[in-house]
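Colleague: Please see the structure below; I have some questions.
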Amino acid sequence: MQKVFDNPSQLEALAKQKFGFPDFIMMENAALALKNLILEKKSAGQTKCLILCGKGNNGGDGYALARLIKGELEPLIFTLEAPVAAEAKAQYTMCKKMGIPFITKKTLLELLNEYEKPQPCGLIIVDCLYGTGFKGQLAPQILKIIEAANKAQALRIACDISSGLAFNANYTLTMGEQKLALYSDKAKAMSGNIIVANLGLERSLFENVMPAAPHIHLVEPQDLKLPLRTNKASHKGTFGHTAVFAGEKSGAAIISATAAMNFGSGLTSLIELEHSNLKQFKISPELMISTAIPAKTSCIVCGPGLDKSLTGALEQISTWIKSSANKNPAVVFDAGVFGNENFINFLQKIQAKANTRIVLTPHILEFYRFCKSLKIFPKQMAQISVETLTEDPQIKILLGQKINSLFPNATLVIKSANTFIVSGGQIYIISDGSPSLAKGGSGDALAGMIASLLTQGYNAKDAAISACEAHALAGKKHGSDAYDLTPLKLCR
């Protein structure tokens, strides 16, 4: 896992102070990293590099880049505003003295318009306008420039972060460390591949100058812990029994149960509730059907496809937890539960059994409704909306941690373009998800996968992390931009 920082400017200031780094050292290393990335990723014949520079140190990185690539590529600089940061001013002056061309806004727009047409080799555009400190909305004239840059046939690289999250980068070279601002849903759409640049200091030394370890972590494929079967004397009972409630929309339960079975659950049952439409489906003979929670159930999935049936399901779970012979009962709550007015009281009661493993898996709209029901929106943030939650990861984390404090036994999975897992006050970000997963039923499959790992003995945090990462990687393996990935294909 990589550490993720929500205060990057503080980290950089501490590193400069501790190791006596002058400002220009980090700027030089940032520019060198940009140069190396451009040379690595550019196509044959791409020789013209347009650098968009703002007034701060992001612009300074751009001026330093222009100086470093002159002679290998043809740099063109557009200055949005005269530099104000001391190092940016120095880099600007050097570029002027080296005779690097500075172009006007009119020339810039003409150039970008020219590259809208197919070219034998496209342009290289580097966005050094605004860094992570930018707040608010881009001015219309700046947005016009960025939109023109997005339309050009070009390799687009963002320095540190896409300006105003409007520049559509193929690559974002972020300086020094992973930044939380890069993991909003909006940032995901504009960042392309995120690469961390070295600023002249080995990364662990740089990151460890913070007095307290960060509580936010980026999950990587190597963090995946699959339920491998190494015990040669095992049998089906060794790997637990997952039970999934099937209500009015039983297709959701079938998807969830199938995913649980295919992700290693030793036994898997569908529990047919009063209003279930289970009989209208052709169900795999590998799935068992019951009218009550089977005696040796290890984990239950409650929520997918449930409406009128939900109250009865919650009553069965409450009885099961109280009387269960299982010393570590587990429940995954998904979908319909987050709109149920009785769910909060129910959750408070069942978590009183300290060894109950609970995972909550709302998507972003369900998360919003759940927070509203819990009345945990801060007074100064009365205008929070679903859009706010997708655009501001800090608010998402704040609310997630409040839920974590209310229900300490529960691990929370906030499903979105970037999925945030909140457990024990720690945050884990799953960024490998792709648009191919954007289809009804994908969340049902994920609930089943999490349940399967709980059934096989994982704790709630590890089950959530590994299942979410496996789910994301399965979508990526099928094709990040594929339209034909269905939940049942995902379950295979």
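The values are calculated or read from the model by the stated rules, or taken from the named source; none is laboratory data. Everything quoted here is computed from the prediction, not taken from an experiment. Note that each Cβ is placed from the backbone with ideal geometry, even for glycine, and that neighbours are counted across all protein chains shown. The accessibility values were calculated without ligands, DNA or RNA, using every heavy atom of the protein model including side chains. Shrake-Rupley method; radii C 1.70, N 1.55, O 1.52, S 1.80 Å.
Colleague: Can you give the Rg to Rh ratio for the stretch 13-135, taking only C-alpha atoms and Rh from Kirkwood?
Modeller: Working: Rg = 14.9 Å, Rh = 15.0 Å.
Taking Rh as the inverse mean 1/r over Cα pairs, Rg/Rh reads 0.99.
Colleague: Can you tell me the Rg and the Dmax, both Å, for the Cα atoms in the stretch 23-83?
Modeller: 11.4, 34
Colleague: Quick one: if you take sqrt(5λ) for each eigenvalue of the C-alpha gyration tensor of the stretch 231-336, what semi-axes come out, biggest first, whole angstrom? Don't skip to the end; give the middle numbers.
Modeller: Numbers: eigenvalues 92, 58, 22 Å².
Working through the eigenvalues yields semi-axes of 21, 17, 10 Å.
Colleague: Let me ask something else about it. How much of the accessible area of the chain, in percent, comes from carbon and sulfur atoms when a 1.4 Å probe is used? Spell out each step's value before the answer.
Modeller: Values: 11240 of 21500 Å².
C and S atoms contribute 52 percent here.
Colleague: Percent of alpha carbon pairs in the chain separated by more than 41 Å? Walk me through the numbers before you get to the answer.
Modeller: Values: 36447 of 120786 pairs.
So the portion of pairs separated by more than 41 Å is 30 percent.
Colleague: Then there's this: Against the longest principal axis of the chain, how steep is helix 442-455, in degrees 0 to 90 to the nearest 10, with axes from Cα atoms?
Modeller: It works out to around 60 degrees.
Colleague: Once ligands and nucleic acids are excluded and a 1.4 Å probe is used, how much of Asp444 is accessible, expressed in Å² to the nearest 10?
Modeller: Probe radius 1.4 Å; accessible area of Asp444 about 20 Å².
Colleague: Quick one: longest stretch of the chain between exposed loop GluC sites (Glu not before Pro), exposed meaning at most 10 other C-beta atoms within 10 Å and loop per DSSP? Walk me through the intermediate numbers first.
Modeller: Details: sites that count: Glu202, Glu341.
The longest such stretch corresponds to 1-201.
Colleague: Starting from the stretch 187-259, pick out the trypsin sites (Lys or Arg not before Pro) whose DSSP state is loop and whose Cβ has at most 16 other Cβ atoms within 10 Å.
Modeller: Lys225, Arg229, Lys232
Colleague: Can you tell me the alpha carbon radius of gyration of the stretch 177-266 divided by the globular rule-of-thumb value 2.2 N^0.38 Å?
Modeller: Values: Rg = 21.1 Å, N = 90, 2.2 N^0.38 = 12.2 Å.
Normalised Rg, Cα atoms only: 1.73.
Colleague: Right, here's the next one. Can you give me the relative contact order of the stretch 371-439 as a percent, contacts being Cα pairs under 8 Å and 6 or more apart?
Modeller: Values: 65 pairs, mean separation 13.5, N = 69.
It rounds to 20 percent for the stretch 371-439.
Colleague: Return, for the Cα atoms of the stretch 1-48, the radius of gyration and Dmax in Å, separated by a comma.
Modeller: Here Rg and the maximum Cα pair distance are 15.1, 43 Å.
Colleague: Using a probe radius of 1.4 Å on heavy atoms only, what accessible surface per residue do you get for the chain? Whole Å² is fine. Can you show the working numbers first?
Modeller: Working: 21500 Å² over 492 residues.
It amounts to 44 Å² per residue over the chain.
Colleague: Separate question: Can you tell me the orientation of helix 105-114 relative to the chain, as the angle in degrees between its alpha-carbon axis and the longest Cα principal axis, to the nearest 10?
Modeller: Roughly 60 degrees between the two axes.
Colleague: Calculate log10 I(q)/I(0) of the stretch 342-492 for q = 0.14, 0.15, 0.17 Å⁻¹, where I(q) comes from the Debye formula with a single equal point scatterer on each Cα and nothing for solvent.
Modeller: -0.69, -0.78, -0.99
Colleague: Right, next: Please tell me the relative contact order of the stretch 425-490 in percent, rounded to the nearest whole number, where contacts are Cα pairs under 8 Å and at least six residues apart.
Modeller: 53
Colleague: Return the subset of Lys48/Lys117; Lys41/Lys70; Lys402/Lys439; Lys186/Lys439; Lys48/Lys151; Lys249/Lys477 for which the Cα-Cα distance in this structure is over 22 Å, preserving the input order. Mind showing how you got there, number by number?
Modeller: Details: Lys48/Lys117 16 Å; Lys41/Lys70 17 Å; Lys402/Lys439 29 Å; Lys186/Lys439 19 Å; Lys48/Lys151 17 Å; Lys249/Lys477 29 Å.
Table pairs above 22 Å Cα-Cα are Lys402/Lys439; Lys249/Lys477.
Colleague: Taking amide hydrogens as modeled 1.01 Å from N in the peptide plane, which residues meet the under 5 Å criterion relative to Arg357, leaving out close sequence neighbours?
Modeller: Counting only residues 5 or more places away or on other chains, the set is Ala330, Val331.
Colleague: Pairing the Cα long axis of helix 250-262 with the longest principal axis of the chain, what angle in degrees results, from 0 to 90 and rounded to the nearest 10?
Modeller: 80
Colleague: How about Lys461: which aspartates and glutamates have a C-alpha closer than 19 Å to its C-alpha, ignoring those fewer than 8 places off in the same chain?
Modeller: Within reach: Glu220, Asp223, Asp334, Asp432, Asp444, Glu469.
Colleague: Turning to a different aspect of this structure: Compute the relative contact order of the chain as a whole-number percentage, counting only Cα pairs closer than 8 Å that sit 6 or more residues apart in sequence.
Modeller: Relative contact order of the chain: 13 percent.
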